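Input: a single structure, listed below in structure tokens.
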Amino acid sequence: MLPAEVLERFVERCPAAVMVRAERLDEVFQRAAQRQYSRQLLFSQLVAIMSAVATRSQPSVHAAYLAAQDKLDISPQALYDKLRRLEPAVTAALVRETARDAARAIDALPGLRPPVLTGGLKTYDVYCVDGNHLTSTEHRLAELRTTREAALPGQTLALLDLRRGLITELVPGEDGHAQERSLVPELLERLRKGMVLVADRNFCTSRILFGIVEHAASFVIRQHRSTLSWEREGKRRRIGRTATGMMFEQTLDLNYEGQTLPVRRLTIELDGPTNQGESEVHILTNLPAETVPPGEVVEAYRLRWTIEEAFQCLTEVLRCEVETLGYPRAALFSFAVAVVAWNTYAVVKGALKSVHGWETIEATLSDYHLMHDVLLTHCGLEIAVEASAWCWHQGLCPQGLAKELVRRAKTVKLSRYPKRKRGPKHPPPAKTGRRNDHLSTARLLEKRKRKRP
């Protein structure tokens with residue numbers, strides 16, 4: 001059977017898997033690396049090995065090495081040495097450069113999601129920012145074998161494009177005990193004019209807010225109770241109701257190191273207390289009141305949970321944390337490769353939105369079921385279809401790639417990937433019995449039958 005015929009059979013079975021490809025990685029390494037070099041192991045080969053782990057195609061780094069051993073001319077130890085010495089700048093550049101390519105493909109698709117914030121004739125690029133601490137690793141390093149304490153390999157600070165669904169920036173931090181805010185200065189250098197950052201109160205400090213404004217960007221951030229100071233507080237006036245409570249607005253003049261920053265503070269008096277027992281939520285923004293109404297600001301902040309969903313998908317569907325990688329740089333690179341896989345899926349999802357409508361995809365499509373189907377089918381796809389069958393993809397411009405993605409997306413059956421909404425949470429029932437004791441499940445079920453009328 002010809003490769004093209006095999007490819008079409010995969011398209012009929014799982015079209016989404018055929019839409020996933022990655023390229024131009026060695027160029028990224030050459031530009032970002034400062035001390036490392038590629039001699040026997042190319043950066044693209046390293047990404048391919050870790051992609052097999054990140055997509056759960058292989059259970060471990062060593063298993064991925066064995067699967068690709070015929071194409072490699074290095075030992076397993078050389079592979080691990082390369083991983084543990086990867087520079088953080090290379091890890092960050094991998095996410096940044098591949099996200100730019102993905103953004104070009106998504107922008108070429110028809111029916112892009114409407115802007116989150118619009119200010120008259122101006123459209124804002126809205127991003128969520130949040131940190132993620134990597135889970136503890138196994139105690140394989142000599143320095144860890146004598147302690148029972150959890151070994152944290154590092155943390156990351158991510159920037160999620162709300163409109164495109166891409167993680168566009170990733171700031172790796174090797175110190176797992178450091179505060180998330182310590183990574184913000186590096187992230188601020190990546191901001192550009194017209195960007196709006198949406199973040200929780202952990203990032204609401206005078207230094208961060210003034211730093212955002214210094215880079216000609218804006219913010220929508222929940223106010224922290226004790227990290228700001230201001231000179232003047234305007235009169236609070238009632239605006240109207242939101243879905244969760246009554247909304248008020250007032251002005252504040254923040255001060256920091258002799259500078260003054262006028263901001264708007266939106267206060268929502270909640271109908272019911274939060275899990276922390278709070279009855280009010282304060283949101284700060286420097287967006288102009290003349291063009292951006294309070295309701296849009298509040299709705300933009302409510303989308304902050306989107307980045308939490310991305311982290312959950314990276315952990316549960318993909319494999320962003322490899323417990324056997326104890327060296328911080330290796331663990332952070334593994335996380336970055338999983339982010340690249342997530343961004344690749346975002347392109348696939350963008351094509352589906354352009355065909356079926358973004359409201360339909362957001363409401364009915366299960367990321368878990370679709371990604372799981374893609375990952376399962378992709379393994380067979382790599383075996384059955386020769387690499388030469390993909391050569392024509394590499395020469396496509398963003399418009400040509402978008403056209404091909406739309407053609408594939410039209411054959412995807414959304415009914416195979418239904419999203420199930422979770423019902424309301426109920427308090428856990430009171431438990432009886434002693435710890436470390438046991439009972440028979442079959443006898444309990446038998447008692448249930450006897451109780452039925």
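The values are calculated or read from the model by the stated rules, or taken from the named source; none is laboratory data. What you are looking at is a predicted structure, and each value in this text was computed from that prediction instead of being measured. We place every Cβ from the backbone using ideal geometry, glycine too, and count neighbours over all the protein chains shown. Remember, those area values only see protein heavy atoms, side chains included, never the ligands or the DNA or RNA. Shrake-Rupley method; radii C 1.70, N 1.55, O 1.52, S 1.80 Å.
Summarising the label geometry, the points placed 7 Å from Cα in the beta-carbon direction at R24 and S415 lie 4.0 nm from one another.
Shape analysis of segment 289-374 places it in the oblate category; the axes a ≥ b ≥ c from the Cα gyration tensor give an a/c of at least 1.5, with a/b not above b/c.
Any idea what diffusion coefficient segment 117-199 gets from Stokes-Einstein, in µm²/s, Kirkwood Rh on alpha carbon pairs, 10 °C, 1.306 mPa s?
107 µm²/s
Working ranking of peptides 224-231, 127-134, 306-313 by packing, defined as the average number of other Cβ atoms within 10 Å per residue, highest first, is 127-134, 306-313, 224-231.
As a test of the definition: which semi-axes, in Å, follow for segment 307-426 when you take the square root of five times each eigenvalue of its alpha carbon gyration tensor? Largest first, please.
Value: 25, 24, 14 Å, ordered largest first.
Remark: spin-label model distance T227-S279 equals 2.6 nm, labels positioned 7 Å along the Cα→Cβ axis.
Checking the a/c ratio against 1.5 first, then a/b against b/c, what shape does the Cα gyration tensor give for segment 25-68?
Working: a/c = 3.03, a/b = 2.15, b/c = 1.41.
Prolate.
Shown in residue order for segment 104-117 are the 3J(HN,Hα) couplings computed by the Karplus curve 6.51 cos²θ - 1.76 cosθ + 1.60 at θ = phi - 60°: 5, 5, 5, 5, 7, 7, x, x, 5, 4, x, x, 6, 10 Hz (x for Gly and Pro). Label sites at T260 and K403, each approximated as a point 7 angstrom past Cα along Cα to Cβ, lie 5.8 nm apart.
Of the three principal axes defined by the Cα atoms of segment 192-327, the extents in descending order read 55, 38, 29 Å.
If you take the Cα centroid of segment 168-221 and the Cα centroid of segment 90-135, the two points sit 15 Å apart. Computed over the chain, relative contact order equals 21 percent, with contacts defined as Cα pairs under 8 Å that lie 6+ residues apart.
Residues of segment 94-129 with an amide N closer than 18 Å to a point placed 7 Å from the Cα of E359 along the Cα-to-Cβ direction: 111-117. With the highest mean first, a sort of the peptides 283-296, 331-344, 26-39 on other beta-carbon atoms found within 10 angstrom per residue produces 331-344, 283-296, 26-39. Carbon and sulfur atoms: what percent of the 1.4 Å accessible area of the chain do they account for? Carbon with sulfur: 50 percent of the solvent-accessible area. The protection proxy used here, the mean number of other Cβ atoms lying within 10 Å of each residue, ranks peptides 375-381, 48-54, 267-273 as follows, highest first: 48-54, 375-381, 267-273.
Need one word for the chain: rounded, prolate or oblate. Basis is the Cα gyration tensor (sqrt eigenvalues a ≥ b ≥ c); a/c below 1.5 gives rounded, then a/b vs b/c decides. Cα axes put the chain in the rounded bin. On a per residue basis, the chain carries 55 Å² of accessible surface, using protein heavy atoms and a 1.4 Å probe.
Expected output is a single nm value to one decimal: the length gained when fully extending between D107 and R241, i.e. 0.36 nm times separation in residues minus the C-alpha distance. What is it? Write down the numbers at each step before the final one.
Values: separation 134, 0.36 × 134 = 48.24 nm, distance 3.51 nm.
Stretched out fully, the D107 to R241 stretch lengthens by 44.7 nm.
Multiplying the residue separation of L270 and S182 by 0.36 nm and removing their Cα-Cα distance gives an extension gain of 28.5 nm.
When you work out D = kT/(6 pi eta Rh) for segment 69-136 at 4 °C and 1.567 mPa s, using the Kirkwood radius from C-alpha pairs as Rh and the Stokes-Einstein form, the result is 78 µm²/s.
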